[in-house]
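Comments concern the structure below.
Values quoted throughout were computed directly from the atomic coordinates according to the rules given, and no laboratory measurement underlies them. Here the structure is a predicted model, which means the values were calculated and not measured. With ideal geometry, Cβ positions are generated from the backbone for all residues, glycine too; neighbour counts draw on all protein chains shown.
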Amino acid sequence: MANEITRKGKTCSICQECGFAYETKELAERCEAWCRSHNSCNIDITKNAVKF
Ligand SMILES: [Zn+2]
């Protein structure tokens, strides 16, 4: 389950596997599912990551 954090009033979801942050829980969970089964990151997913 993706962690949620709030920074500057914005809520982000964190992939627990790779630590990337996403604007939506859906993206974080997709990343997490990918990371877990492939043991690597999917660039099509991580390109949606947000910096904070
Ligand atoms: Zn990930």
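Table for the structure above
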{"quantity": "Point-to-point label distance, Ser40-Glu26, nm (Cα→Cβ direction, 7 Å offset)", "calculated": "2.7 nm"}
{"quantity": "Amide H contacts of Val50 (H built 1.01 Å from N, under 5 Å, at least 5 apart or other chain)", "calculated": "Ala21, Tyr22, Glu23"}
{"quantity": "Surrounding net charge for Cys12, when Lys and Arg each add one and Asp and Glu each subtract one, Cβ distance under 11 Å", "calculated": "+3"}
{"quantity": "Theoretical ellipticity at 222 nm over the chain - DSSP helices of four or more residues, -39500 (n - 2.57) apiece, nearest 500", "calculated": "-10000 deg cm²/dmol"}
{"quantity": "³J(HN,Hα) computed for each position of the range 27-33 - Karplus, 6.51 cos²θ - 1.76 cosθ + 1.60, integer Hz, glycine/proline x", "calculated": "5, 4, 6, 5, 4, 4, 5"}
{"quantity": "Burial ordering of Ile43, Ile5, Ile14, fewest other beta-carbon atoms within 10 Å first", "calculated": "Ile43, Ile5, Ile14"}
